[in-house]
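Only one structure is covered here, and it is reproduced in the block below.
No value in this document is a laboratory result; all are computed from the given coordinates. None of these values were measured; they are calculated from a predicted model. Reconstructed Cβ throughout: ideal geometry from the backbone, glycine too, with neighbour counts over all protein chains shown.
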Amino acid sequence: MNPFVGGNRVEVGGVSVSTDHFIGGKRVSSPTTFEDRSPLDWSVKLADVSRGDKATAELAITAAVDAFPAWASLGPVGRAEILRRLADLIDANIESLAAVECLDMAMLHESLRLRVLSRGARNFRAYADLAAQYEERVWESNGTVNRVLRMPAGPTVVITPWNAPFMLSTWKCAPALAAGNTVVLKPAEWSPLSCSLLADLAHAAGMPAGVFNVVQGIGAEVGAALVADPRARRISFTGSPATGRHIGREAATNLVPFTAELGGKGPFVVFADADLAAAAQKAAGQYDDSGQVCLAGTRLLVEASVRDEFLALFNQFADQHVLGDSHDPATTISPMIHPTHFARVAGFVDRARANGDTILRGGARSELGGDDGLWYEPTLIEPKSNDSEIVQNEVFGPVLTFQTFTDEADAVRLANSTAYGLSAIVYTSSQERAERMGRALRAGTIWTNCFLVRDLTAPFGGIGISGMGREGGDYALDFCSDLKTFQVKEGTTY
Ligand code: NAD
């Protein structure tokens, strides 16, 4: 069965992709479009995609409102059946999804095929299971029997960024759908295509019309209209702190619960007692995906006594990176998503240089792809001061900073010195130190002697400007639900 059918379509990487919205179980187009180009070769236009507006947002929310009662009353077990079918369809179509997302976002084809996209299927399975397994908390107090009921909350607006668009969208849509909410998803305008395929797969899995809707378009246009609609009963957002603040104001106006997974500027702390080779290898791996990873440890903080030894090891591993076409299995660093983003990243490095920060490696556009190529050399910068812009702001490119610390207290001071608090990475061989760092570091996730290992039931989110609320496991299901306390007088006979 080919699940990718209906609406206006283009061929991308040999896969038929709809350029329309998906609303109320049907493909719907807008009279105007926006251009979607491939970061692998900016001269290649992949698609003209429907550019949603306020009317599109209203249509999609109306579809989600209309479909909500039946989806909510289907119950977690009935919903789980459809969500598991969707997970199976994702697994069965990994190659098509990878072909499209590799061209659209330029993430490495091998990573997409082998790891990233199957996480989409895992997201749906995990939440189908968790929602179905929910056990009401029941207890007696004050002469009453108390129960906690988890009720579907209503139409949920999900807004996602351009990096890992398919995986991140499924991570946010899966708990909403499993909890009994209907969804309007707006993917980012720089990589909109794989989420269009997700709509086809949801349809093929038997998702009732209006339960899962996808609208395409520009954030400030259709995105803003979606989050301003008071009929949306939850808003789940991943993106930059600036957009998070904007959406937060709309959520406050309508008093709608809102979660925000925002940017990061994670510290990567290496103590002298650590396995330095392992730490250096993982540190050089922070350039993966061209550094377009919110969780990356982009501030290398290394104990001063091992500065030179660590740097030599780090450079050995960093030298092994291969910039190239994301389809080539030998490539480890893909191009950046968009010329605008490229210019932003290059601007950070140029200002660091002008500020007197020291460029230890990289610091320039790669020759690959000529003047229009979007590859940037893996860059390491030793800042003049901890207040330097390059230390304090998220770059979201293949740019790391390098600083040394004198002792554990100094490491904690530096690690906690930005406004962000999404992730932190610590390398040490001391269990006591690891425990102390785990408590002292201001970050939603702290990895010790590892990186990016995820348990989907663990809480996930940011501190400070890295976000509000927690995703993951029951935390996400609680967010997507209205929790009720249901009390009955003890001994009541009906
Ligand atoms: P962005 O904030 O520019 O855009 C994110 C989404 O918001 C897009 O779909 C965009 O169209 C939409 N949007 C923009 N303005 C809007 C508005 N006024 N109303 C409604 N929607 C609007 O972010 P980006 O550049 O796409 O993504 C990069 C950022 O995302 C980085 O800061 C990165 O760290 C962060 N990120 C965080 C996580 C996490 O889990 N914490 C994961 C991935 C990316």
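Distance between the 7 Å Cα→Cβ label points at Lys45 and Ala272: 6.1 nm. The alpha-carbon positions of segment 212-303 define a convex hull whose volume is 140 Å³ per residue.
Largest first and in whole Å, the equivalent-ellipsoid semi-axes of the chain read 38, 30, 19, each the square root of five times a Cα gyration tensor eigenvalue. Cross-link partners of Lys265 among aspartates and glutamates, defined as those whose alpha carbon lies under 15 angstrom from its own and excluding same-chain residues fewer than eight positions apart: Asp387, Glu389, Glu394.
All other residues whose Cβ lies under 14 angstrom from that of Ala415 are scored, Lys and Arg at +1 and Asp and Glu at -1, for a net of +3. Each of Ser481, Ser417 was scored by other Cβ atoms within 10 Å of its Cβ. Listed from fewest to most, they are Ser417, Ser481.
Segment 155-218 and segment 8-86 have Cα centres spaced 7 Å apart.
Roughly speaking, what % of Cα-Cα pairs in segment 266-448 are separated by over 24 Å, rounded to a whole number? Looking at segment 266-448, the distances longer than 24 Å represent 34 percent of pairs.
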